[in-house]
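The values are calculated or read from the model by the stated rules, or taken from the named source; none is laboratory data. Quantities reported herein were computed from a predicted structural model and do not represent experimental measurements. Cβ: placed from backbone, ideal geometry, glycine included. Neighbour counts: every protein chain shown. Ligands, DNA and RNA are excluded from the accessible area calculation, which covers all protein heavy atoms including side chains. Shrake-Rupley method; radii C 1.70, N 1.55, O 1.52, S 1.80 Å.
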Amino acid sequence: MKSNAEHPWSVGDVATRFGLPTNVLRHWEAVGLLRPERDAAGRRRFGEDDVVRIAVIQRSKAAGMSLEQIGVLLDDGSAGRHQVLQEHLDDLDRRMEEMRRSREMTEHAMRCRSHDIATCPRFRAGVADVLARF
């Protein structure tokens, strides 16, 4: 077991710094995303590597990854790692394009003088691809 100097933070310390409830960190440990050391009394002790993993988990969740996908991301021995990551990149590209289109539509709505924005032909063009599914 490593010393507390190498693993200086308790679950409460880490939770507070990341703005997370402690049960989230415990859950991430239960599903295998975290593996904090334990002190002599059995309490979790988080070190720098653990904190980096938590930051990766938070960033990945914010980008829309599931905990399962994050598990694959963090497991360098996972056979399906590249496939999962490529699928996530494809999903990010799709969502970024949707956001770009939404931004253009919103910017047009701010400049448009129509009382009913949905009747504006240029505004409607911003949702033509969605309407094409109907």
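Compared with the alpha-carbon gap, the fully stretched path from LEU20 to ASP49 is longer by 8.7 nm at 0.36 nm per residue. Rounded to whole Å, give me the distance from the Cα center of region 98-124 to that of region 11-48. Rounded to whole Å, the Cα centres lie 46 Å apart. Accessible surface area normalised per residue over the chain is 71 Å², counting heavy atoms of protein chains with a 1.4 Å rolling probe. What is the log10 of I(q)/I(0) for the chain, computed with the Debye formula using one identical point scatterer on each Cα and no solvent, at q = 0.12, 0.16, 0.21 Å⁻¹? For the requested q values the scattering log ratios are -0.66, -0.86, -1.16. Over the chain, dividing the summed -39,500 (n - 2.57) contributions of all DSSP H runs of at least 4 residues by the number of residues returns a 222 nm mean residue ellipticity of -18500 deg cm²/dmol. Using a probe radius of 1.4 angstrom, the carbon and sulfur fraction of the accessible surface of the chain is 53%. Springs between alpha-carbon pairs under 10 angstrom, Gaussian network model over the chain: which of ARG17, ARG101, ARG111 fluctuates most? Top of the fluctuation ranking is ARG111. Taking amide H as placed 1.01 Å from N in the peptide plane, the amide H of SER78 sits under 5 Å from none that are at least 5 places away or on another chain. Among the GluC sites (Glu not before Pro) found in region 1-59, those both in a DSSP coil and sparsely packed, with 14 or fewer other Cβ atoms within 10 Å of their Cβ, are GLU6.
Simple rule: put +1 on each Lys or Arg Cβ and -1 on each Asp or Glu Cβ in region 1-75, find the dipole, and look at LEU73, HIS7, TRP28; the Cα lying farthest toward the positive end is TRP28.
Taking all Cα pairs closer than 8 Å and separated by 6 or more residues, the relative contact order of the chain comes to 16 percent. Between ASP129 and LEU74, the simple label model (points 7 Å from Cα in the Cβ direction) yields a spacing of 3.4 nm.
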